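Here the structure is laid out as C-alpha cells; the discussion comes afterwards.
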Amino acid sequence: MIETLEEKLDTKLEHNTYSIPAVNTLFKRSIGSTLLDDKKADIFRRFVPMVLWAMKRSRPDCETAVSFLMKRVIEPIRDCLYMFTRLMSWIQRSVEDRRIIGADDLIYMLTMTDSVHAVHEDMKGHTGGAITSKNPVLKKMNGRSSTETEQIGTSEYLPKNIYFEMFMEGQGYKLKSNISCKKKKILQKSS
C-alpha cells in the first residue's frame with residue numbers, strides 16, 4: 001500500500017522519526033486551508049479506507065488518526081493530506097516494531113474510562129479508555145448532553161473489558177478483581 005501511495009503521489013514518503021502517528025494539533029480546525037485538487041482528493045479517498053481496514057486488523061495504535069481522517073474523506077483539505085502522509089510515514093517506519101501486550105498485574109484488571117462533553121467548536125465530545133495498559137484509545141463522538149457522552153463512553157469500553165477478561169481466562173489467569181477507576185476512587189475515599 002505504501003509503494004502504491006508513493007507511485008500515485010509521485011513522491012517518496014518522508015522518513016522522520018515521529019513518536020506518535022498523529023499530529024499534536026489533530027483536532028484543531030485550521031482556518032483558511034484550501035481543498036485538495038481532484039487528483040489528490042481521489043488518492044486520499046482511496047487510501048484512507050485501506051488504512052482503516054489495516055488499523056482494525058493489526059494497527060490499533062493508529063485508531064485516533066484514522067478516525068479523524070475518515071471524517072474528512074468528503075471534503076479533504078491540504079492539512080488532511082499532510083496528516084495522512086505523516087501517518088503513512090509513521091506506519092512505514094514502525095512496521096517492524098514489536099507489539100507487546102502487557103498488563104500491570106495478571107490477577108487484577110484495572111479499567112479506566114473518561115468522557116468529556118462539548119470540548120470542540122462543533123460541540124462534539126471525546127471518550128477514551130484503557131485496560132491495564134499504557135495505550136489509551138481516544139475517540140471523537142457526538143453526545144447531546146454530558147450524561148449521554150458518559151453513557152456512550154461506558155458502552156464503548158464495557159465489551160472490551162469483557163473480552164479482555166475472557167482472553168486472560170483463556171490464557172489460564174483467573175482474575176480476582178475487575179476494578180474500574182471510579183469504583184477504585186470511591187473505595188479509596190471510604191477507607
### Task
Could you tell me the number of lysine pairs in the stretch 2-94 with C-alpha atoms less than 23 Å from each other, where the two lysines are 8 or more residues apart or belong to different chains?
10
### Query
Fully extended, how many nm does the chain gain between residue 154 and residue 116 (0.36 nm per residue separation, minus their Cα-Cα distance)?
12.5 nm
### Query
By its C-alpha gyration tensor, with a ≥ b ≥ c as the square roots of the eigenvalues, how is the stretch 2-94 shaped: rounded for a/c under 1.5, else prolate for a/b larger than b/c, else oblate?
rounded
### Task
Neighbouring Cβ atoms within 10 Å as the yardstick, rank 64, 34, 4 fewest first.
34, 4, 64
### Query
Can you give the three extents of the C-alpha atoms in the stretch 1-49 along their principal axes, from longest to shortest, in whole Å?
30, 29, 20
### Message
Can you find, among 53, 18, 1, the residue sitting farthest towards the positive end of the charge dipole of the stretch 1-61, where Lys and Arg contribute +1 and Asp and Glu -1 at Cβ?
### Response
53
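Where a number appears in this text, it was derived from the coordinates with a stated rule and is not lab data. Remember, predicted model here, so these are calculated numbers, not experimental data. With ideal geometry, Cβ positions are generated from the backbone for all residues, glycine too; neighbour counts draw on all protein chains shown.
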